[in-house]
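Read through the structure below, which is laid out as structure tokens, and then see the notes.
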Amino acid sequence: MKVLRKQDWFHPDGFPIVVERRDPQQPFGLHCHEFSEIVIITGGAGLHITGEDSYELKTGDTFVIGGDRPHDYLNMDQLSLINILFDPTELPMMLGDLQSLSGYHALFTLEPAWRRRHQFTSRLQLNPAEIGEALRLVDKLDNELAARRPGFGTMAIASMLELVTFLSRCYGATRNSSSKSLIRIAETISHMQRNSAQAISLDELVDISGMSRTNYIRMFESAMGASPIRYLIGLRIEEARRLLRSTDRSITDIALDVGFSDSNYFSRQFRKATGHSPREYRNRHR
């Protein structure tokens, strides 16, 4: 199976976003990438295959493919699409309140993880007006990448975040029943993102999800690779790492700031996550 390398698809300057237009899409072969991509189907029809399953595509279908997920297109009938290639590790996806959007978590994390179970029925389906707006935003991004005028990097990242936010809002407003089940889980992730420093119980998250306790925990762990509470602790540890690097606040104050009521418990969890005590981490990264 082919692996698409970043150096072969991204600009020599290493900028982490590329727009590829396929009109029509040509046979390519099963492949995976060293990057992720947003796919927007703009016309025609075809099958999206993953090596294990296949899903019918139509105009307006929009989905995200992680780098390690093999895929290809078959039975193409004038299938046209836009690929936005991006390296998520090089983009400021934590900027502003993007992480507070349930549609963002559903579209970029949950739907790809649950695609096989849902048989692609939980994909984002843009209506004609939404397709028009998405294409406007893609054109704006593509123009910045093509011209590469001074400041293009800032403008391109801003355009990319605008597109991601728009698609996330579209997913959050979906009426698709399969998508709604992912939105309910995504709403608990957004709740944790917005309130990670506050006391949050598992019962509270279960109530937000509208699911049974067992089903919520099972679905969350399957999609996120960790229990809801472990995920919450991870958010707190990540914020603690930022504060340790950027402030001189005491470790006890930081523990309280990020949501731990016991500094000893915080230190144990921090070491478990990073391999270092908070003090060691600060000394290594200051």
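The values are calculated or read from the model by the stated rules, or taken from the named source; none is laboratory data. Keep in mind that what you see is a predicted model, and the values were worked out from it rather than measured. Cβ coordinates were reconstructed from backbone atoms using ideal geometry, including for glycine residues, and neighbour counts include every protein chain displayed.
Numbers for the structure displayed
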read-out	value
Hits in region 145-185 (condition: aliphatic (A, V, I, L, M) and either without any contact (Cβ under 8 Å) to a residue 12 or more places away in the chain or closer than 26 Å to P16 by Cα (or both))	L145, A146, A147, M155, A156, I157, A158, M160, L161, L163, V164, L167
Yes/no for E90 being crowded, with 17+ Cβ neighbours inside 10 Å and on the phi < 0 side of the Ramachandran plot	no
Some residue of region 116-125 being among the β-branched types (V, I, T), in the same structural domain as H71 (by TED's automatic domain parsing) and without any contact (Cβ under 8 Å) to a residue 24 or more places away in the chain	no
Helices (runs of 4 or more DSSP H) enclosed by region 132-250 - at least 2 residues per element that are touching a strand residue (DSSP E or B) at 6+ places or on another chain (Cβ under 7 Å) and outside the structural domain of E280 (by TED's automatic domain parsing)	152-172
Within region 1-104, strands (runs of 3 or more DSSP E) holding 3 or more residues that are in contact (Cβ under 8 Å) with a residue 60 or more places away in the chain, within 29 Å of E187 (Cα to Cα) and touching a strand residue (DSSP E or B) at 6+ places or on another chain (Cβ under 9 Å)	36-49, 61-65, 72-86
